[in-house]
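The values are calculated or read from the model by the stated rules, or taken from the named source; none is laboratory data. Here the structure is a predicted model, which is why all the values come from computation and not from measurement. A quick note on method: Cβ atoms are made from the backbone with ideal geometry, for glycine too, and the neighbour counts reach across all protein chains shown.
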Amino acid sequence: MVLPIGDDNRDRTTFPIVNYLLIGLNIFAFIYWQQWGHNIQLTYAYAAVPGEILTGHDIVTHSRIIVDPYTGQQMVLPGLGVTPIPVFFTLFTSMFMHGGLAHIAGNMLFLYIFGDNVEDAMGHAKYLVFYLLCGMLAGLSHVLSTAVLGQSLLIPSLGASGAISAVMAAYLRLFPGKRVYLWMFLFIIPVPAFVALGVWFAFQLIEGFGMLGGQQAGDVAYAAHIGGFIFGLLLTRMFAGKFRPARKRYSR
């Protein structure tokens, strides 16, 4: 198991209020709004459904029973509920909802580690716009890839992963040599950001190939991860300007 657990923040100069606010909003939405993920009807109503985004119209379906091909167990798959807002707005609302505790915990850990430095480089307001814009563009990437690859247009997508992928891309571009601490089994090792994030993106590309041929790549919207990362790379300079990380001599 390889997991980033922190980075070197000694050159950060501002308090990451927007990043903490985003983390707080995600946690609040999951606990209060989604009721720890148990309010399936609300979750499905405000998640982004590719078919709705492509047509511009709300889609309501009935619950149905599906059979797990491995265990043979029958499960009830909830139908799509009425969306109380224009369907295009679900590209925004879906960014603040998650499918389970592990989903939100992983996303918030990555946002906590990488978001503060990107906010420091861009400034509070620009970082917020960057995060939201890239998150919605990542959602559109998932919608378009779903249509192009012939996947089901009625499977809802949700989560902050697309926006966080863009934040990670910005971190890579702005701080390629910054130390990121990885937990590898019983050891904690520091590696340059370009190694940690480069390997992560390569994994997204490899796993994303599972979507080719119209097959669903499990429960992960890899196209949103890849799209968010690419848009993050492209838009970082626009939002960070001519930012250059401070060069400091650190004592060993």
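Of these, F175, F96, F130, which one is touching a helix residue (DSSP H, G or I) at 6+ places or on another chain (Cβ under 6 Å), within 18 Å of D7 (Cα to Cα), among the aromatic types (F, W, Y) and at pLDDT 95 or above?
The match here is F175.
With respect to the numbered conditions (1) in contact with a helix residue (DSSP H, G or I) (Cβ under 7 Å, 6 or more places away or on another chain); (2) surrounded by fewer than 20 Cβ atoms within 10 Å (Cβ to Cβ), which one is the sole condition not fulfilled by A160?
All conditions pass for A160, except number (2).
Would you list the helices (runs of 4 or more DSSP H) that sit entirely within the range 85-171 and hold 1 or more residues that are touching a Lys or Arg at 6+ places or on another chain (Cβ under 7 Å), in contact (Cβ under 8 Å) with a residue 40 or more places away in the chain and over 19 Å from I31 (Cα atoms)? Talk me through it step by step, then tell me what you get.
Values: elements: 90-93, 101-122, 124-148.
Per the criteria, 101-122.
Would you confirm whether any residue within the range 186-193 is buried (at least 18 other Cβ atoms within 10 Å of the Cβ) and either touching a residue at least 24 places away in the same chain (Cβ under 8 Å) or touching a Cys at 6+ places or on another chain (Cβ under 8 Å) (or both)?
The answer is yes; a qualifying residue exists.
Which condition number does G79 fail, the rest of (1) modelled with pLDDT of 95 or more; (2) small (G, A, S); (3) in a loop (DSSP other than H, G, I, E, B) being met?
Every condition holds for G79 apart from (1).
Do we have F30 as touching a residue at least 24 places away in the same chain (Cβ under 8 Å), surrounded by 14 or more Cβ atoms within 10 Å (Cβ to Cβ), out of contact with any Ser or Thr (no Cβ under 6 Å at 6 or more places or on another chain) and under 21 Å from G159 (Cβ atoms) here?
On the way: touching a residue at least 24 places away in the same chain (Cβ under 8 Å): yes; surrounded by 14 or more Cβ atoms within 10 Å (Cβ to Cβ): yes; out of contact with any Ser or Thr (no Cβ under 6 Å at 6 or more places or on another chain): yes; under 21 Å from G159 (Cβ atoms): yes.
Yes; evaluated as a whole, the condition is true for this residue.
Of everything in the range 230-245 that's out of contact with any helix residue (DSSP H, G or I) (no Cβ under 6 Å at 6 or more places or on another chain) and either within 18 Å of R12 (Cβ to Cβ) or not β-branched (V, I, T) (or both), which residue is modelled with the lowest pLDDT?
Residue satisfying both the conditions and the ranking: P245.
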